1. Kindly indicate whether residue 30 is closer than 27 Å to residue 367 by Cα and modelled with pLDDT of 95 or more.
2. Looking at this structure, is residue 323 more than 30 Å from residue 209 (Cβ to Cβ) and either at pLDDT 85 or above or out of contact with any helix residue (DSSP H, G or I) (no Cβ under 7 Å at 6 or more places or on another chain) (or both)?
3. Can you tell me how many residues within region 449-462 are under 18 Å from residue 46 (Cα atoms) and more than 30 Å from the chain's Cα centre (by Cα)?
4. Looking at region 146-168, is at least one residue part of a loop (DSSP other than H, G, I, E, B) and either modelled with pLDDT of 95 or more or closer than 22 Å to residue 195 by Cβ (or both)?
5. Quickly run through region 329-341 and pick out the residues that are assigned to a strand (DSSP E or B) and under 16 Å from residue 470 (Cβ atoms).
6. Given the criterion part of a helix (DSSP H, G or I), surrounded by fewer than 21 Cβ atoms within 10 Å (Cβ to Cβ), on the phi < 0 side of the Ramachandran plot and modelled with pLDDT of 95 or more, identify the matching residue among 54, 16.
């Protein structure tokens, strides 16, 4: 910690800290770029995935810097999936996964700078749920390409990552608490996500299709276990689960996997602290879904002997759900409503749970960094006063500039991939082998939002007959 004191050495230290907060503003923006989403998100909601991918491609140089390459790969990789360009999607999602692993294992020089600035200076290494779900969509890409073995590899990687996730943040928290730079102890939050129903469901289908009933049975049992041990995620009725073995030749099994909504996005919450003589004023503001800042709360505390003029601003990212219109999904065969899909996974809930595990570490570091910089800033302001800088007006404007420089350096990192879905619904139908006209309807209350026509499909027995559908509204 930095102690407040007089002299050239103390002001030099403070200036070094503050300089590190402002020196690179000319070459690196600390504000998350959002312009590319103003056009692409409405296109995605309207089902124009190809045009949305062109928007992201065109924004590569203007909205995505090198430090944002993981975000670019995720955004474009998911849009390629939705537009049916499965090979391109896998190429991009693989690049994202490789970069995430590289950034986790390699020490980045910007990690040191971000301690004095913020996470916007660091290479974006993806949210943990993005790293988990990208493998699920790689698996779906492989299924669409007819490569079930590679799809199973991706499903297994999901569970490997889940097993490592809690240990990853436990070690990171311990490393920080034991470091010389730690300004205080950060409490580790136990992680309550060890089993993913969507990955288990897809694993069951793949094992069953390849003739491994024992493995399929284990996956089904683990889906049951998810509802028992992770009720914070699976707090809705468990859907009907697939059979363990494919029936004899006179029957064909058709599985529907449908996605709806868009994954959570990030908004900024800001804590403002300012002091007058013996009084501390506190204000909290937060962004709404339209990125408009609103006052959440205001209060003040009477604290004797507190000096006037102390200014502290801390900003945190908040993961927030995006509203979805879809509340019912129906399968129609030959024009007749045949089945209603059941919710298998609230992907947005898993996103929030995975985000929570790193919150104590990221928020704790943000607060401690802000305190360090505030101490350094107050040292500068005190030294300026003791050195007699001249008229009060000059001192006032000098303090204003210092406070403004500090505020600009504390922008929340709002980077997050925008094109993962919010929910996954499923249904398994047992039919006589043959040809059927397939359509999937998406409803909002009693209003039909969209009917997606898949034309006539032929289904055979002893095969993986999977139809993936989506409406990201």
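The values are calculated or read from the model by the stated rules, or taken from the named source; none is laboratory data. For clarity, every value in this text was computed on a predicted model and none was experimentally measured. As a convention, Cβ positions derive from the backbone with ideal geometry for all residues, glycine included, and neighbour counts pool all protein chains shown.
1. In short, no.
2. yes
3. 2
4. Yes, region 146-168 contains a residue that is part of a loop (DSSP other than H, G, I, E, B) and either modelled with pLDDT of 95 or more or closer than 22 Å to residue 195 by Cβ (or both).
5. 329, 330, 331
6. Numbers: 16 fails: modelled with pLDDT of 95 or more.
Sole residue among the options that is part of a helix (DSSP H, G or I), surrounded by fewer than 21 Cβ atoms within 10 Å (Cβ to Cβ), on the phi < 0 side of the Ramachandran plot and modelled with pLDDT of 95 or more: 54.
Conditions (1) buried (at least 18 other Cβ atoms within 10 Å of the Cβ); (2) assigned to a strand (DSSP E or B); (3) at pLDDT 85 or above; (4) in contact with a strand residue (DSSP E or B) (Cβ under 7 Å, 6 or more places away or on another chain), marked per residue:
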residue	(1), (2), (3), (4)
253	yes, yes, yes, yes
267	yes, yes, yes, yes
273	no, yes, no, yes
281	no, yes, yes, yes
299	no, yes, yes, yes
